[in-house]
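The values are calculated or read from the model by the stated rules, or taken from the named source; none is laboratory data. Values in this document were obtained by computation on a predicted structure and should not be read as measured data. So basically every Cβ, Gly included, is an ideal-geometry build from the backbone, and we count neighbours across all protein chains shown. Ligands, DNA and RNA are stripped out before the accessible areas are found, and what is left, the full protein with its side chains, is counted by its heavy atoms. Shrake-Rupley method; radii C 1.70, N 1.55, O 1.52, S 1.80 Å.
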Amino acid sequence: MWMKSGNLLDSTFKNCYHAGYFRIIVNFIAFAVCYSNRTLFAILYFFSFVLDGIDGWFARKFNQASTFGAVLDMVTDRVSTACLLALLSQSYRPGLVFLMLLGLDITSHWFQMYSSFLSGKTSHKDVQHTSNWLLKLYYVYRPFMAFCCVSCEVLYIILFLFADEKSTSLLSVCRVVMKQSPLIVLVFISTLVGWALKQVTNIIQMKTAADTCVEIDPKRSK
């Protein structure tokens, strides 16, 4: 009986990649209600983000990681973040700040994926040959990656929740957040630190991946 229960549990977890599809549905619902119910949007959006972490953990745990699953997760992450940044660009001035962050996020990850493909790597997270310590720390030490990614998403959610139609100034809203309870202020400052580290990592990743593409191109043309 215990063996059957164990096999059933393993079978359930081994098919956890379906969480990737469920995340897409949750995100659709979240953005459908983003204007009518910001709180519900924040809950659903963050829930989808948590599902990503759980899905990845189970995929590694039961050796079910796949190229398709990795790409699906990345595309879902990038599209979700891009949509949230687009919303913020409409809520704040200067909105160009969020559009630039959107462009950096997509460009950095696209270069990383493409350079990994050209290098013959099986994963874009394979950074063993890079000389940059921050990029290695980001992809090798998962708690650090989790801190940076969670910080970005939580920061964007906070800014969306505190967006005020009467004041579209980003700095003004940040001052409002800093006047909240000590817990909210602590979370806000912590997410700012993680967000900043993530942007620096994105820039380094884009530069490193672009250099790899330039280095490989002549070899491919021969």
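Descending by average beta-carbon neighbour count within 10 Å, the peptides 104-110, 170-176 line up as 104-110, 170-176, the highest first. The mean accessible area for residues of the stretch 84-182, using a 1.4 Å probe and ignoring ligands and nucleic acids, is 55 Å² per residue. Dividing the Cα radius of gyration of the stretch 127-222 by 2.2 N^0.38 Å, with N the residue count, gives 1.46. Annotation: amide H of SER169 within the under-5 Å range of ARG93, sequence separation 5 or more or interchain, hydrogens built in the peptide plane. Can you classify the stretch 167-213 as rounded, prolate or oblate using the Cα gyration tensor, where a ≥ b ≥ c are the square roots of its eigenvalues, rounded means a/c under 1.5, and otherwise it's prolate if a/b beats b/c and oblate if not? The shape class here is oblate. Backbone N atoms of the stretch 192-206 closer than 20 Å to the 7 Å Cα→Cβ label point of VAL176 belong to residues 192. Per atom type, the stretch 81-192 shows carbon and sulfur on 68% of its accessible surface, probed at 1.4 Å.
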